[in-house]
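Everything below concerns the one structure shown next.
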């Protein structure tokens with residue numbers, strides 16, 4: 001093994017990068033030692049992905065320094081990063097499904113014969129060698145990639161990455177789509193390539209994996225690196241604590257005491273979604289006037305629950321009862337008819353018709369009440385939009401302005417207005433303040449609390465824990481399409497929520513000295 | 001351009017103004033420039049006779065383009081309208097030459113038969129492409145062949161002729177020099193404008209073209225709206241078939257070859273975005289005029305039909321490039 005302490009293979013010092021006003025990287029420092037497996041962990045949005053994008057030449061950094069083998073490193077394109085020896089295996093695959101395994105592996109540098117034609121023999125030979133090198137002897141290099149399972153595709157990506165002379169291999173959430181057996185296989189391969197001197201950077205939300213195969217771990221929080229520790233010196237609860245940060249503990253106790261009744265507004269029983277048919281199903285209750293939060297990591301199945309309740313995606317099995325009566329929801333209009341509204345995660349793709357006026361967006365759901373015999377009553381529509389705007393303190397120029405002319409916070413208010421126009425009794429909200437500035441966030445919180453006081457029940461999915469602890473009366477924590485736990489206001493702590501979200505609740509009581 | 005300068009005086013309304021001006025007035029301006037040029041270049045261009053000519057020539061394309069506007073607004077395309085028109089014409093031609101009926105009955109029967117035949121093709125286009133979420137490009141390409149084959153099969157590849165006198169007369173009837181068939185086309189434009197701008201249906205047609213998922217999640221039956229858009233396109237192809245028969249006094253199974261491309265060109269030149277959600281039927285009217293005036297004027301100033309084709313092609317490409325910048329303007 002190369003010398004460890006003296007010269008790091010790659011060192012990052014005080015790296016900074018911002019998008020608009022948001023500091024995605026706000027002082028990131030860490031070092032990679034040759035031949036180690038180094039984990040990067042942190043909450044969603046802590047800066048891991050941005051760092052990877054900087055290292056792989058997708059984004060340029062603004063300040064700080066990266067040194068590789070002692071020299072300055074500033075990749076200007078993904079190609080430059082590859083030439084320098086940094087390869088990334090992304091969570092979304094970059095494979096060409098209809099081409100063969102061999103073609104995919106060689107796509108960056110296809111071998112040519114002396115006549116300039118594709119040298120299939122050489123290509124297949126190289127692919128075979130690349131696959132054998134990671135122990136994939138059972139894959140036929142001439143098979144189309146589409147015919148292989150997800151796990152194999154992932155491994156082929158790794159084979160491709162290793163085929164060029166990479167010295168650093170970055171695996172971004174490699175196990176997100178793998179089963180346990182496949183994950184075990186992947187880990188064998190990672191140990192194998194580590195033994196060959198390749199340095200592996202491992203990004204994962206699964207702490208047990210980090211503790212299973214990594215040598216060191218660097219923890220990110222709010223765009224900063226908090227610490228780098230040897231895995232042998234820490235426990236998973238320690239790492240969770242680093243991720244949360246003590247400063248962030250419980251700041252939201254000022255919210256009004258839960259005013260909701262015991263009456264159940266919506267009951268979900270044994271809900272299974274197409275996204276995860278194998279799970280046991282999800283059951284929970286939403287009380288009248290309650291704001292119920294759903295916490296969890298990206299991919300935990302939170303959005304899927306909302307979409308299934310709303311009929312946006314088909315429900316595999318399970319029941320939804322409103323006020324004790326079962327609902328038949330096959331499509332969104334059934335849910336709307338039952339008095340359910342759904343503020344989607346992505347207002348640009350699913351919530352708003354950006355080029356259309358504010359008024360037209362406000363009436364999109366409840367256009368029936370501002371029209372007669374199929375003709376739009378424009379005066380009534382303007383009245384509806386004016387009223388909705390006033391209720392939500394919407395700031396706008398004219399109702400005929402396109403909704404794209406509004407700020408993020410005001411766009412979100414238009415989405416809310418659209419759903420409130422029909423006086424729903426239940427609102428589902430997915431990341432209600434994403435891309436909204438701090439002031440507008442506070443405003444949206446107070447609007448939502450006001451709605452709850454009027455008796456509207458809400459389910460709020462959010463990746464921001466301070467948002468959930470500030471806004472909600474109870475929090476469901478999900479991981480792997482299952483409910484891991486339900487916390488009442490009195491039990492709120494970021495640490496507790498994260499431990500549940502990371503599936504660490506069993507270890508949480510064991511603390512090291 | 002002077003339009004842009006004008007707009008900059010009212011900065012607050014800028015995005016809206018630029019868009020509406022470029023969308024509508026811009027095309028109208030281009031049309032006016034074209035008319036001015038041809039009236040100077042050719043003394044015959046503005047003669048009453050020639051104007052009647054132009055109006056007659058653009059009628060069929062305008063009718064097809066009105067229906068096409070609906071389909072393109074939802075982000076689709078209908079390549080079958082030319083063939084569907086021929087199919088509807090043959091069906092109507094068979095109906096109008098049935099023995100043993102009076103001319104009035106025959107005409108009513110033929111109009112109904114033609115319009116129903118066209119509409120059925122449109123419904124099929126819509127149902128198949130919307131139900132299986134397939135690209136309408138492919139589905140209507142299939143219909144292009146199906147309808148053409150059906151037209152040839154039904155007619156035995158023979159042109160149908162000898163229609164009632166009143167029907168043939170209607171095709172060349174003028175009111176103050178304006179062809180009645182053009183007035184029919186204009187009426188369709190007015191109806192389409194009303195539907196698109198004043199009804200819930202029209203609102204949601206634009207909505208689907210912009211953001212189909214948002215419309216679906218708002219609880220609207222997107223599937224039926226899409227089917228309706230294609231059905232309207234088939235309906236107008238049926239109307240076009242009747243007009244075509246009245247004008248030429250024949251129903252030919254090989255009529256309308258390539259007409260779909262002219263109709264699409266009129267819609268696109270008229271400023272409707274090929275990706276849907278943006279545009280207007282007034283633009284389509286102007287687009288059809290631009291193609292018609294260009295065709296007529298270029299021949300009048302002595303260019304060959306080949307040159308005319310080339311120049312029309314250039315205009316289409318320029319229109320799409322302008323559309324690109326239009327999209328950029330409205331995005332910022």
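The values are calculated or read from the model by the stated rules, or taken from the named source; none is laboratory data. Predicted model, so just to flag it, every value in this text is computed and none were measured. Here the Cβ is made from the backbone with ideal geometry for all residues, glycine too, and neighbour counts use every protein chain on show.
Computed values, structure above
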item	result
Residue selected from region A:334-353 under the condition at the interface with chain B (Cβ under 7 Å from one of its Cβ atoms) and free of Cβ contacts under 8 Å to residues at least 12 places away in the same chain, by the criterion farthest from residue A:363 (Cα to Cα)	A:349
Residues within region A:84-107 that are loosely packed, with under 13 Cβ neighbours inside 10 Å and within 21 Å of residue A:52 (Cβ to Cβ), tallied	2
Helices (runs of 4 or more DSSP H) contained in region B:1-81 and holding at least 1 residues within 30 Å of residue B:148 (Cα to Cα) and modelled with pLDDT under 95	B:48-73
Subset of region B:208-221 (residues that are touching a residue at least 40 places away in the same chain (Cβ under 8 Å) and either closer than 14 Å to residue A:365 by Cα or surrounded by 24 or more Cβ atoms within 10 Å (Cβ to Cβ) (or both))	B:208, B:209, B:211, B:212
Number of the exception - residue B:169 against (1) crowded, with 17+ Cβ neighbours inside 10 Å; (2) more than 10 Å from chain A (Cβ to nearest Cβ)	(1)
Index of the failed condition, residue A:194 passing every other in (1) within 19 Å of residue A:48 (Cβ to Cβ); (2) touching a strand residue (DSSP E or B) at 6+ places or on another chain (Cβ under 7 Å)	(1)
Scan of region B:178-207 for residues that are over 15 Å from residue B:232 (Cβ atoms), crowded, with 21+ Cβ neighbours inside 10 Å and more than 7 Å from chain A (Cβ to nearest Cβ), ordered by number	B:179, B:181, B:182
Boolean, residue A:382 is away from chain B (no Cβ under 12 Å) and surrounded by fewer than 21 Cβ atoms within 10 Å (Cβ to Cβ)	yes
Yes/no for residue A:329 being in contact (Cβ under 8 Å) with a residue 60 or more places away in the chain, in contact with a strand residue (DSSP E or B) (Cβ under 8 Å, 6 or more places away or on another chain), within 14 Å of another protein chain (Cβ to nearest Cβ) and surrounded by 19 or more Cβ atoms within 10 Å (Cβ to Cβ)	no
Some residue of region A:407-417 being within 14 Å of chain B (Cβ to nearest Cβ), surrounded by fewer than 23 Cβ atoms within 10 Å (Cβ to Cβ) and in contact with a helix residue (DSSP H, G or I) (Cβ under 9 Å, 6 or more places away or on another chain)	no
Helices (runs of 4 or more DSSP H) wholly inside region A:91-206 that include at least 1 residues being within 27 Å of residue A:220 (Cα to Cα) and modelled with pLDDT under 85	A:150-163, A:180-195
Answer residue from region A:365-377, given it is within 8 Å of chain B (Cβ to nearest Cβ) and buried (at least 20 other Cβ atoms within 10 Å of the Cβ) and is farthest from residue A:404 (Cα to Cα) among those	A:371
Test: residue in region B:209-227 that is away from chain A (no Cβ under 14 Å) and under 14 Å from the mean Cα position of the chain (by Cα)	no
Total residues in region B:249-261, condition buried (at least 24 other Cβ atoms within 10 Å of the Cβ) and under 18 Å from residue B:316 (Cβ atoms)	1
In region A:354-364, residue nearest to the other protein chains (Cβ to nearest Cβ) [restricted to those that are modelled with pLDDT of 90 or more and under 15 Å from residue B:208 (Cβ atoms)]	A:364
Residues of region A:338-371 satisfying the condition of being over 26 Å from residue B:279 (Cα atoms) and part of a loop (DSSP other than H, G, I, E, B)	A:338, A:339, A:344, A:345
Residue within region B:271-282 that is assigned to a helix (DSSP H, G or I) and under 18 Å from residue B:65 (Cβ atoms) present	yes
Flag if residue A:309 is buried (at least 18 other Cβ atoms within 10 Å of the Cβ), in contact with a helix residue (DSSP H, G or I) (Cβ under 9 Å, 6 or more places away or on another chain), more than 11 Å from chain B (Cβ to nearest Cβ) and more than 17 Å from residue B:213 (Cα to Cα)	no
